[in-house]
Amino acid sequence: MESRKSVVLIIPSEIVARGLKSILEESREFLVEENLYDCSRSGKARLRNIDPDVVVIDPAVLDFHGRKEGRNIIGEVCDSAVVALEGPAVNEDILRQYDGAFSLYDEHSLIIRKIRNAIDSRQVEPGPESGELSAREKEILVCVAQGMLNKEIADKFNLSIYTVISHRKNITRKTGIKTVAGLTVYALLNNLIDTGSVQ
């Protein structure tokens, strides 16, 4: 059997979080690592450490302006699929930014299917085995190894956050390395950075 996909919930309601955890783990496809309740600085740090396959967020945890950037906020911290929980505080424009969305009124099989589809939509396609990193990918790899967030990298090179995420996917596909620590070691071994530039 394939290993279970890791999930982090960001849902302020304990009863909803517990119910969703039960549905997901009952399917035996998913393992809910934690419910963070909010997107505070400590929550983001925890999310970065867990680096789940999928994040399920209730956009209501974000302030009004943050709801419009919810996907970007998660994208700055990890490269997970992000699925939104629909609710009265969330309109179609907000939902469009996410990799998927579901309602509390959806059947449990539909919730599983929507989360599965969101993960599948973010899968990195296998590429050529000898894929060499482009100059831009090397620049982004150096930034990742130095601890920069996707938004910081996007600002530095005047790129969209989604372009940075695409480059990071290509780096992962070409190197076969998924973790920041692994990419840092790769950058060190390939003389892209020196030990003094690593945080």
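The condition (being under 24 Å from residue 179 (Cα atoms) and surrounded by 14 or more Cβ atoms within 10 Å (Cβ to Cβ)) is satisfied by just one residue among 61, 56, 16: 56.
Condition test on residue 100, is it open to solvent by less than 40 Å² (accessible area, probe 1.4 Å) and farther than 28 Å from residue 18 by Cβ? Here the answer is no, as residue 100 does not meet what is asked. The residue that is most open to solvent (accessible area, probe 1.4 Å), counting only those in the range 103-127 that are more than 18 Å from the chain's Cα centre (by Cα) and at pLDDT below 85, is 126.
For the range 155-199, the set of residues classified as among the hydroxyl-bearing types (Ser, Thr, Tyr) and under 22 Å from residue 98 (Cβ atoms) consists of 160, 162, 163, 166, 172, listed by residue number. Taken over the range 161-199, the criterion of being among the aromatic types (Phe, Trp, Tyr) and open to solvent by less than 60 Å² (accessible area, probe 1.4 Å) is satisfied by no residue. Within the range 23-51, residues that are under 24 Å from residue 111 (Cα atoms) sit with their Cβ atoms under 7 Å from residues that are among the aliphatic types (A, V, I, L, M) and open to solvent by 50 Å² or more (accessible area, probe 1.4 Å), at 6+ positions apart or across chains, in these pairs: 25/31. Within the range 156-193, if we keep just the residues that are basic (Lys, Arg) and part of a helix (DSSP H, G or I), the residue that is modelled with the highest pLDDT turns out to be 156. Evaluation of residue 141 against the conditions (1) farther than 28 Å from residue 5 by Cα; (2) at pLDDT 85 or above shows that the sole unmet condition is (1). Give the range 128-160 a look and list any residue that's among the acidic types (Asp, Glu) and either farther than 17 Å from residue 177 by Cα or buried (at least 17 other Cβ atoms within 10 Å of the Cβ) (or both), or say none. The answer is 137, 152, 155. Give me a count of the residues in the range 66-97 that are in contact with a strand residue (DSSP E or B) (Cβ under 9 Å, 6 or more places away or on another chain) and either within 17 Å of residue 29 (Cα to Cα) or open to solvent by 60 Å² or more (accessible area, probe 1.4 Å) (or both). Result for the range 66-97: 5.
The values are calculated or read from the model by the stated rules, or taken from the named source; none is laboratory data. On a predicted model such as this, the values are computed, not experimentally measured, just so you know. With ideal geometry, Cβ positions are generated from the backbone for all residues, glycine too; neighbour counts draw on all protein chains shown. Side chains included, ligands, DNA and RNA excluded: accessible areas come from the protein's heavy atoms. Shrake-Rupley method; radii C 1.70, N 1.55, O 1.52, S 1.80 Å.
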